[in-house]
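The structure appears right after this line, and notes come after that.
The values are calculated or read from the model by the stated rules, or taken from the named source; none is laboratory data. Computed from a predicted model, the values in this text were never measured in an experiment. No Cβ is skipped: glycine too gets one built from the backbone with ideal geometry, and neighbour counts run over all protein chains shown.
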Amino acid sequence: MDISAVRAQFPILSRQIYGRPLVYLDNAATTQLPHPVWRAMERYYTQTHANVHRGAHYLSETATARLEEIRQSAAAFLGAESSDEILFTSGATEGINLLARAVEPLLTPGDRILVTAMEHHSNFLPWQELCRRAGCHFHVLPLTPAGEPNPEALHRLLALPGVRVLSVTAVSNVLGTQAPISDLARAAHAAGAWLFVDGAQGLRHGRLDMKELGCDAFAFSGHKMMAPTGTGALYVNAALLPRLSPTAFGGGMVDRVSREGSTYAGAPAGFEAGTPNIAGIVGLGAAIDYLTALDLGEIARREASLLARAETGLRALEGVTVYGEPKRRAGALSFNLEGVHPYDAAGLLDRLGIAVRSGHHCAQPLMEHLGVTGTLRVSPAFYNTEAEIDAFLAGVQKVREVTGLYHG
Amino acid sequence: MADIRALQDQIIRDFQRLEDPFDQYTYLLALSARLPVMSEERRAALTPVAGCQSHVWLDVRREGELLVFDADSDTMLIRGILCLLQQVLSHQPPAEVAEAELDFPEKSGLLLSLSPDRRKGIGSVIETLRLSARQLGRAP
Ligand SMILES: Cc1ncc(COP(=O)(O)O)c(C=O)c1O
């Protein structure tokens, strides 16, 4: 990968912040957009903008065709069987909420839903709320000290009667733990449950294949893979898809509407009420093409090596706690500096031009497990450089020095 | 006691003179070191300021004709800002604290690297001080 050519596609990366070069290491929160992505959106708005699946005029048909082409390329990107399995959403949060509503009629009181203690609130609350509405039991799978879903606890919980859903993040947005999705899918299926995956952080770590992974549904956000905010998709496998009920009602999702009663279209249209974020989806399509052309394997290797460099550097510093030691870590790493509030450290790093995240990262149950109120999180992407990781490490060292100087 | 406007202008000038944004923050750390730490017992006796993600404790009282307060937080940068608030507002007549237009946090640029919830927290601290000032102003 020619890194300077890659960086040239992301003008924001050469910005100055507080008079210093920006070191953007908050890619788990959102990633930056390369030229081809926003050019595609610009082209769409200046040449093809029209509503989809509506008019029979030239622009509408072109826009509709483009949208359906992108559905195909999203299906190929995820290794889905058919493009009907791809439902466009505004992101992972909407995808998981949609899924929870859509399976609700299939559950009976007393059924069980399992999530892990490392879930983002977006893959925790929709299930907790569903359990409350449907009278189901909500279980939170504990983690091992290394920060992985505890296999014995999983075994024990899956042996309980009535487990219907196991919903797990592909990659923890805090610890970077990569969950063993295909093992979990096998275990869930053997217990008669579905395996649902929060794929928000799971996209840039190698080629995905839904059939190989064996998951029944997978939700992701475009803005964590170089696409604009407000885009994403929910993959639902063809076996489960026809059993789902629509969750949002309105234009574009109907079969026939009358005063006496109405019938709805099947997937994907039946799950996409209202005018979609067409320009955003065009951007998502361009991002898929961009990442594929860049080579997903190469992206994954590069990000893994940057993250390992950060981890090695942090562990070599005194007074730094790195959280978790999962077998496979991807995308993100959490840590704290002894005696320094994570907010203070992040504020000081920001003044050095270094963007990292601090706080609970929308994962309060995980913070509870770690026994902290917050952490610092560093999350490189392929467009970051070794020099930026070193600048980050030097920044952390500097924060340690200045806070140590004034410590009460 | 200098008036609230003059004290704020001094702080704004001090921060502008520290041109490097990182130095501005290390200056906040130095201010933090000047603010006495409250004992656990004293903290426990105070109601933490509502709406703060970081913990902030305020002990506001009247001494003679003046409003006086001590403050503490679990984060150093917030302690630095509390130290500045103390310089500006403590030992001032309650009526002036209640009416003061506080623009130094904004104009000195020191809120810029704080997360939105911490910025809101600073707002709550100022609100609490104003409220106490009104109550103390009314008391005989
Ligand atoms: C693991 C995980 N799940 C879900 C989400 C929610 O994604 P979005 O806000 O794009 O819906 C995030 C985003 O931070 C995440 O990291």
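Tabulated data
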| quantity | calculated |
| --- | --- |
| Residues of the stretch A:219-248 that turn out to be in contact with a Leu (Cβ under 7 Å, 6 or more places away or on another chain), of a type outside the set (Val, Ile, Thr) and not in a loop (DSSP other than H, G, I, E, B), as a count | 8 |
| Filtered residues of the stretch A:75-124 (kept if within 23 Å of A:ILE288 (Cα to Cα), within 13 Å of the ligand (Cβ to nearest atom) and in a loop (DSSP other than H, G, I, E, B)) | A:SER90, A:GLY91 |
| Test for A:ALA200: is it away from chain B (no Cβ under 14 Å) and either charged (D, E, K, R) or within 11 Å of the ligand (Cβ to nearest atom) (or both) | yes |
| Selection from the stretch B:64-116 of residues that are modelled with pLDDT under 90 and among the polar types (S, T, N, Q) | B:SER113, B:SER115 |
| Counted residues, the stretch A:356-408 - those being among the aromatic types (Phe, Trp, Tyr) and free of Cβ contacts under 8 Å to residues at least 40 places away in the same chain | 1 |
| Residue, farthest from the ligand (Cβ to nearest atom), within the stretch A:11-33, restricted to residues that are farther than 16 Å from A:LEU307 by Cα and of a type in the set (D, E, K, R) | A:ARG20 |
| Output for the stretch A:324-341, where each listed residue is touching a residue at least 60 places away in the same chain (Cβ under 8 Å), more than 14 Å from every other protein chain (Cβ to nearest Cβ) and buried (at least 19 other Cβ atoms within 10 Å of the Cβ) | A:GLY324, A:PRO326, A:ARG329, A:ALA330, A:GLY331, A:ALA332, A:LEU333, A:SER334 |
| Hey, A:LEU349 assigned by TED's automatic domain parsing to the domain that holds A:VAL396, part of a helix (DSSP H, G or I) and surrounded by fewer than 22 Cβ atoms within 10 Å (Cβ to Cβ) or not | no |
| Top-ranked residue of the stretch A:162-200 - restricted to ones that are in a loop (DSSP other than H, G, I, E, B) and within 12 Å of A:ASN123 (Cα to Cα), ranked as nearest to the chain's Cα centre (by Cα) | A:ALA200 |
| Among (1) of a type in the set (D, E, K, R); (2) within 10 Å of another protein chain (Cβ to nearest Cβ); (3) assigned to a strand (DSSP E or B) - the single one A:ASP344 does not satisfy | (3) |
| Residue check, A:GLY404 modelled with pLDDT under 95, within 14 Å of chain B (Cβ to nearest Cβ) and out of contact with any helix residue (DSSP H, G or I) (no Cβ under 8 Å at 6 or more places or on another chain) | yes |
| All positions within the stretch A:386-408 that are among the small types (Gly, Ala, Ser) and in a helix (DSSP H, G or I) | A:ALA387, A:ALA391, A:ALA394, A:GLY395, A:GLY404 |
| Failed item in (1) within 14 Å of chain A (Cβ to nearest Cβ); (2) over 17 Å from the mean Cα position of the chain (by Cα), with B:TYR25 passing the rest | (2) |
| Flag if A:GLU298 is touching a strand residue (DSSP E or B) at 6+ places or on another chain (Cβ under 9 Å), charged (D, E, K, R) and either under 24 Å from A:SER358 (Cα atoms) or in a helix (DSSP H, G or I) (or both) | no |
| Considering residues of the stretch A:353-404 that are within 26 Å of B:GLN24 (Cβ to Cβ), surrounded by fewer than 21 Cβ atoms within 10 Å (Cβ to Cβ) and hydrophobic (A, V, I, L, M, F, W, C) only, the residue farthest from the chain's Cα centre (by Cα) | A:VAL402 |
